[in-house]
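*Asks:* Let me give you the structure first, and then I'll get to my questions.
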Amino acid sequence: MQTFGKIALWISIATWALWLGGLMYETAVIVPIWSASLPESVLKWSTSSQPVDPRDFFAPVAFGTVLFSAIAFALGWRTNRRSWLALSAVCAVVALGATFAYFVPRNNILFSNQASGLSGEDIAAAGQGWIVGNWFRLGIMAAGFCAALHALGLSYHGNLTVNENKT
């Protein structure tokens, strides 16, 4: 069972790295393009044809992160790393939940409907809200990724299970 737990943790770390790294790239490269001069930049971005839909990348990676973080937590429940695994899994669920509850509706408003029916002030406010919220999401994701890395370190250093300390 410990072997499967370590495998799940390794996969969780890989998906965390992809998800967090992808979002960091998006924050550093893509967001400054569509937010350069709100609201005009959003309107220009939303009417241009984009060669790649970011959901094609983020959806499977985000769901994979949640899934493997939860599996690693379940399989590591009886270990000394359970709190770190729990933190990683909770951060994954919170980040994905925030994405669906906060970011997807704003993405639909800003990008899918060419911001139809919104004033320039509303578009600018939605764009700025997206950017601020994204920094919080990045922080949550960084905490989850670091928690998974810490749990991995504990799995190779120190006691593996709580029961092993008892004689």
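*Asks:* Just to verify a result, which residue in the stretch 80-91, among those that are at pLDDT below 95 and either surrounded by fewer than 22 Cβ atoms within 10 Å (Cβ to Cβ) or under 11 Å from the mean Cα position of the chain (by Cα) (or both), is farthest from residue 154 (Cα to Cα)?
*Replies:* Within the stretch 80-91, the first condition is being at pLDDT below 95, and the residues that meet it are 80-82.
So of that shortlist, the ones also either surrounded by fewer than 22 Cβ atoms within 10 Å (Cβ to Cβ) or under 11 Å from the mean Cα position of the chain (by Cα) (or both) come out as 80, 82.
Values: 80: 8, 82: 10 Å.
The extreme case among them is 82.
*Asks:* Something else: For the stretch 51-85, how many residues meet the condition of being small (Gly, Ala, Ser) and touching a residue at least 24 places away in the same chain (Cβ under 8 Å)? Step through it out loud before you land on a result.
*Replies:* The first filter runs over the stretch 51-85 and keeps only residues small (Gly, Ala, Ser), leaving 59, 62, 64, 69-70, 72, 74, 76, 83.
Keeping just the survivors that are touching a residue at least 24 places away in the same chain (Cβ under 8 Å) gives 62, 64, 69, 72, 76.
Number of matching residues: 5.
*Asks:* Now for a separate question. Suppose the filter is touching a Gly at 6+ places or on another chain (Cβ under 8 Å) and surrounded by 17 or more Cβ atoms within 10 Å (Cβ to Cβ); does residue 124 pass it?
*Replies:* It is false that residue 124 is touching a Gly at 6+ places or on another chain (Cβ under 8 Å) and surrounded by 17 or more Cβ atoms within 10 Å (Cβ to Cβ).
*Asks:* Another question, then. Would the stretch 40-58 turn up any residue that is under 15 Å from the mean Cα position of the chain (by Cα) and among the acidic types (Asp, Glu)? Lay out the reasoning, then the answer.
*Replies:* First pass over the stretch 40-58, keeping only residues under 15 Å from the mean Cα position of the chain (by Cα): 54-58.
Okay, now just the ones that are also among the acidic types (Asp, Glu), so 56.
Yes, some residue in the stretch 40-58 is under 15 Å from the mean Cα position of the chain (by Cα) and among the acidic types (Asp, Glu).
*Asks:* Scan the stretch 139-155 and tell me whether some residue there is in a strand (DSSP E or B), at pLDDT below 80 and closer than 21 Å to residue 70 by Cβ.
*Replies:* We begin by selecting, within the stretch 139-155, every residue in a strand (DSSP E or B); these are none.
No, every residue in the stretch 139-155 fails to be in a strand (DSSP E or B), at pLDDT below 80 and closer than 21 Å to residue 70 by Cβ.
*Asks:* Out of the stretch 34-75, which residues are at pLDDT 90 or above, surrounded by fewer than 11 Cβ atoms within 10 Å (Cβ to Cβ) and farther than 11 Å from residue 127 by Cβ?
*Replies:* 56 - this is the single residue of the stretch 34-75 that is at pLDDT 90 or above, surrounded by fewer than 11 Cβ atoms within 10 Å (Cβ to Cβ) and farther than 11 Å from residue 127 by Cβ.
The values are calculated or read from the model by the stated rules, or taken from the named source; none is laboratory data. In this text the structure is predicted, and so the values were computed from the model without any measurement. Cβ coordinates were reconstructed from backbone atoms using ideal geometry, including for glycine residues, and neighbour counts include every protein chain displayed.
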